[in-house]
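Pasting in a structure now, in structure tokens, and then I'll have a few things to ask.
The values are calculated or read from the model by the stated rules, or taken from the named source; none is laboratory data. Quick caveat, the model's predicted, so the values are computed rather than measured. Please note: Cβ atoms are built from the backbone with ideal geometry, for glycine as well, and neighbour counts cover all protein chains shown. The accessibility values were calculated without ligands, DNA or RNA, using every heavy atom of the protein model including side chains. Shrake-Rupley method; radii C 1.70, N 1.55, O 1.52, S 1.80 Å.
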Amino acid sequence: MAAPSWRGAGLVQEVLRVWQVGPHVARERVIPFSSPLSFQRRCVSCVAGSAFSGPRLASASRNYGQGSALDHFLGFSQRDSSVTSCVPAVSMHRDEQDLLLVHHPDMPENPRVLRVVLLGAPNAGKSTLSNQLLGRKVFPVSKKVHTTRCQALGVITEKETQVILLDTPGIISPGKQKRHHLELSLLEDPWKSMESADLVVVLVDVSDKWTRNQLSPQLLRCLTKFSQIPSVLVMNKIDCLKRKSVLLELTAALTEGVVNGKKLEMRQAFHSQPGTRCPSPAVKDPHTLSVGNPQRIGWPHFKEIFMLSALSQEDVKTLKQYLLTQAQPGPWEYHSAVLTSQTPEEICTNVIREKLLEHLPQEVPYNVQQKTAVWEEGPGGELVIQQKLLVPKESYMKLLIGPKGHVISQIAQEAGRDLMNIFLCDVDIHLSVKLLK
């Protein structure tokens, strides 16, 4: 199949501006910057802007495999996949998104619904898994902890079934929240989410040697308080394990050797293929072990165990099909065109923060304040965004700008690609960096 032709192929605008901060008056200077259009930009302050359209975004469509939302937009051939089929776009207009969220659900004659809460330690892969289940990247993902700062909601709608995903911040202790001056939402949101849950998915990063051998006390307290809610264990990042036999030891520890009320046959878990769930034993005694055991490091009331890599569509497909089958008869909560409850501005802020976490060292990205100055539709239907990044130190500012504006430009480019895949429109994004006074 011939590649589609595009007007203005290769259109990428990059504007770099550097602000001299200090007792002297700001001055302008021209900085040579090598771009696809090979010309210089006059630079003032510290701004990086990028406009995206056409085939430059073809590579972005590969982030979530063939059949992504961007593939639909660009008209590329599709592969039959239930993970990515019929994924709605998010409106770039807040009023349209708000109206859609309160619109009467267009549910079928026999609707089914399931509310799922994803729990786990910080950086366990909850947002990555949520994005794969949704078929579109709408939640921020980073290798650094506390990327998700508050509860976010995603909606999967297939045929008569609607699954509502609550992507929560990683569970932390009150002491850690106070010690690191973290938002109260990081501490409270996972517990609040449990109040309306029909199913709990506990995610464990099996590649983390420091945390994988036991569930945190905070997580166990949460499971104990809401023990009436069914739960499943997802052992994530198994592709990072060199010895698959480690899964045997971890399964025994995290479940205390009990799944669905019966002692787990370790051979079953060991021979299960990645991306599949271990067959559940028949229920005998739902209270095999006491919930109040103070020495507990695992949870003996999981109904199922899944071993997967959240980056693998095939692995995630198995979990997704399980969630769809667990839905119970009941009215939908959202219209089928709803993908997330986040506003367009919230999505943009989260995407940019994700890039800040990826490109800035140590504590620097956590000290950047974001303020959206412009959010409007351009004359050609493109989304025009201007966001200010405020930092408390000049040293932070220099790190964020980078040599010849490279870092801030890279952040703008990557954020623009992600936002186009979410809103399915051209995106013209400009980031300015300023020192807090």
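Could you check how much of the accessible area of the range 344-435 is carbon and sulfur, as a whole percent, using a 1.4 Å probe?
Summing carbon and sulfur atoms, their accessible area is 47 percent of the total for the range 344-435.
Also, quick follow-up: If I model a spin label at Ser395 and Ala337 as a point 7 Å from the Cα along the Cα→Cβ vector, what separation in nanometres do I get?
Here the modelled spin labels are 5.1 nm apart.
Just to be sure I understand: of the beta bridges DSSP finds with both ends in the range 344-435, what percent are antiparallel, rounded to 5?
Rounded to the nearest five, the antiparallel share is 45 percent.
Which whole-number value in Å² is the accessible area per residue of the range 344-435, probe 1.4 Å?
Value for the range 344-435: 39 Å² per residue.
Suppose a student asked you for the relative contact order of the range 344-435, using Cα pairs under 8 Å spaced at least 6 residues apart; what percent would you report?
Contact order relative to length: 33 percent.
With every protein chain left in place and a probe of 1.4 Å, what is the accessible surface of Glu160, to the nearest 10 Å²?
Approximately 70 Å² of Glu160 is accessible to the 1.4 Å probe.
Can I ask one more? Taking 8 Å as the Cα distance limit and 6 or more residues as the minimum spacing, I'd like the relative contact order of the range 192-270 as a percentage.
Averaging sequence separation for qualifying contacts and normalising by length gives 34 percent for the range 192-270.
With the Cα gyration tensor of the range 304-371 giving a ≥ b ≥ c as the square roots of its eigenvalues, does the rule (a/c under 1.5 for rounded; else a/b larger than b/c for prolate; else oblate) give rounded, prolate or oblate?
In terms of gyration-tensor shape, oblate.
Next up: I'd like the accessible area for Glu358: 1.4 Å probe, protein heavy atoms, all chains in place, Å² to the nearest 10.
80 Å²
Spin-label point model (7 Å from Cα, Cβ direction): what's the Leu99 to Val374 distance in nm?
For the pair Leu99/Val374, the computed spacing is 2.6 nm.
For a test of the definition: using alpha carbon positions, the gyration tensor, and the 1.5 limit on a/c, classify the range 344-435 as rounded, prolate or oblate.
Prolate, because a/c is 1.5 or more and a/b exceeds b/c.
Next up: Looking at the square roots a ≥ b ≥ c of the eigenvalues of the Cα gyration tensor of the range 374-414, which shape do they give, rounded for a/c under 1.5, prolate if a/b is larger than b/c, or oblate?
Verdict is oblate for the range 374-414.
Moving on. Suppose accessible area is computed on protein heavy atoms with a 1.4 Å probe; arrange Glu314, Glu345, Glu96, Glu304 from highest to lowest. It would help to have the intermediate numbers written out before the result.
Working: Glu314 120, Glu345 45, Glu96 95, Glu304 20 Å².
Largest to smallest exposure gives the sequence Glu314, Glu96, Glu345, Glu304.
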